[in-house]
Amino acid sequence: VTYGSHDFSPTSTSIIDVLASAGLFVKVSNTDIFQSNKEQKIRARFITDEQTGAKLVGVYGRKRGLERAYYEMLDIDSLQGEKGFKIFVFHSAIDEFIPTNQIFSETIPLSLLPKTFDYYAGGHIHQTIRKNTTKYGTIAYPGTLFGYRYTDLEDLFREPARGFFIVDFDEKITNISFEQVVLPEVELISY
C-alpha cells in the first residue's frame, strides 16, 4: 500500500503505519533523498514480492496535490533502469484520465510517471478506470468502494461495479481481471 491523500502523516503515525507495523500491509513508498548535480533527488526503493518476483515501488499522495514535487524530484533513471516485472503504485489524479464529472484542484501530467513499468496501480480517482497506453502500458484505478462526498454515491448508482484488479503475469501481463465487491444498492432520487 501507499498513503492516500488523507493518510499521510509527517510523524509516521498514520493508520497505514500502524497496520504496516502489525504486518498486515507492506508500504511500497520507501524513499531516500540524495544530492545529484547540485539538486536534491528522491530515490524510491523497490520491494520484491517473494512469491512472484514482482517489483513494487510507489509514491504516496498528499493533500492538495503536494506530491507533485516528489514526482519532479524522482530519480527516474533508477526506476526505469530496474529490470524485471515492475508495478508502480501511486495516489494522484492524472490529467489525461480525469472523468468529466470529477474535479481535482491538483493533478499531475502522465509525463511525470516513470516509463518501463508493466502496470501502474493508481488511487485518488473515485471511478474505475483501466487504460492501455502506448508509452506506459496499463494504468488502472479501481475506484473507491465508499467515498466521502454525496456525488460518490451518485456515481455508485450510475456505475455500480466497484472492486479491485487482479493482474496475472509471467514475464509480461497475461491477463487483467476486475473483481467486483458487492456493495449496498443506492437509490437516486432527483427532484
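Order TYR60, TYR141, TYR191, most accessible first, counting only protein heavy atoms with a 1.4 angstrom probe.
Of TYR60, TYR141, TYR191, the descending order of accessible area is TYR191, TYR60, TYR141.
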* For the range 72-97 and the range 104-159, write down the distance between their C-alpha centroids in whole Å. => 14
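Enumerate by residue number the GluC sites (Glu not before Pro) in the range 74-178 meeting two conditions: DSSP loop (anything except H, G, I, E, B), and at most 13 other Cβ atoms within 10 Å of the site's Cβ.
On the way: sites: GLU82, GLU96, GLU106, GLU154, GLU171; in loops: GLU82, GLU106, GLU171.
Here the sparse-neighbourhood loop sites are GLU171.
Express the accessible area of the chain per residue in Å², computed with a 1.4 Å probe while the remaining protein chains stay in the model.
60
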* To do: Quickly estimate the mean residue ellipticity at 222 nm for the chain, helices only: each DSSP H run with n ≥ 4 gives -39500 (n - 2.57), and the total goes over all residues, rounded to 500.
  => -3500 deg cm²/dmol
* Can you give the charge dipole size of the chain about its Cα centre, rounded to the nearest 20 debye, using +1 on the beta carbon of Lys and Arg and -1 on the beta carbon of Asp and Glu? -> 500
* To do: Please work out whether the range 22-120 counts as rounded, prolate or oblate from its C-alpha gyration tensor, where a ≥ b ≥ c are the square roots of the eigenvalues and a/c under 1.5 means rounded, while otherwise a/b larger than b/c means prolate and anything else oblate?
  => oblate
* Asked: Using the Cβ atoms and a cut-off under 15 Å, what net charge is assigned to the surroundings of VAL182, where Lys and Arg are +1 and Asp and Glu are -1?
  -> -2
* Please give the FRET efficiency for ASP49 paired with TYR150, using the beta carbon to beta carbon distance and R0 = 41 Å, rounded to the nearest 0.05. => 0.60
* Asked: Taking K and R as +1 and D and E as -1, what net charge do the other residues with C-beta under 15 Å from the C-beta of PRO142 add up to?
  -> -1
* To do: Quick one: which residues, 5+ away or cross-chain, put their amide H under 5 Å from the amide H of THR133? H built at 1.01 Å from N.
  => THR138, ILE139
* To do: Keeping all protein chains in position, work out how much accessible area LEU74 exposes to a 1.4 Å probe, and write it in Å² to the nearest 10.
  => 10
* Structure fact -> Scalar couplings 3J(HN,Hα) for the range 136-141 by Karplus 6.51 cos²θ - 1.76 cosθ + 1.60 (θ = phi - 60°), nearest whole Hz, x for Gly and Pro, are 10, x, 7, 10, 9, 10
* Structure fact -> A student applying the Cα gyration tensor rule (rounded when a/c is under 1.5; otherwise prolate if a/b is larger than b/c, oblate if not) would label the range 70-191 oblate
* To do: Per residue of the range 18-32, in order, report the coupling 6.51 cos²θ - 1.76 cosθ + 1.60 (Karplus, θ = phi - 60°) as ³J(HN,Hα) in whole Hz, putting x for Gly and Pro.
  => 5, 5, 5, 5, 7, x, 7, 9, 10, 7, 9, 9, 9, 9, 10
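Enumerate by residue number the trypsin sites (Lys or Arg not before Pro) in the range 113-191 meeting two conditions: DSSP loop (anything except H, G, I, E, B), and at most 14 other Cβ atoms within 10 Å of the site's Cβ.
Passing sites in the range 113-191 are LYS115, LYS135, ARG149, LYS172.
The values are calculated or read from the model by the stated rules, or taken from the named source; none is laboratory data. Fair warning: this is a prediction, and the values are worked out from it, not measured in the lab. Every residue, glycine as well, gets a Cβ built from its backbone with ideal geometry; the counts of neighbours run over all protein chains shown. Keep in mind that these areas ignore ligands, DNA and RNA; they rest on the heavy atoms of the full protein, side chains included. Shrake-Rupley method; radii C 1.70, N 1.55, O 1.52, S 1.80 Å.
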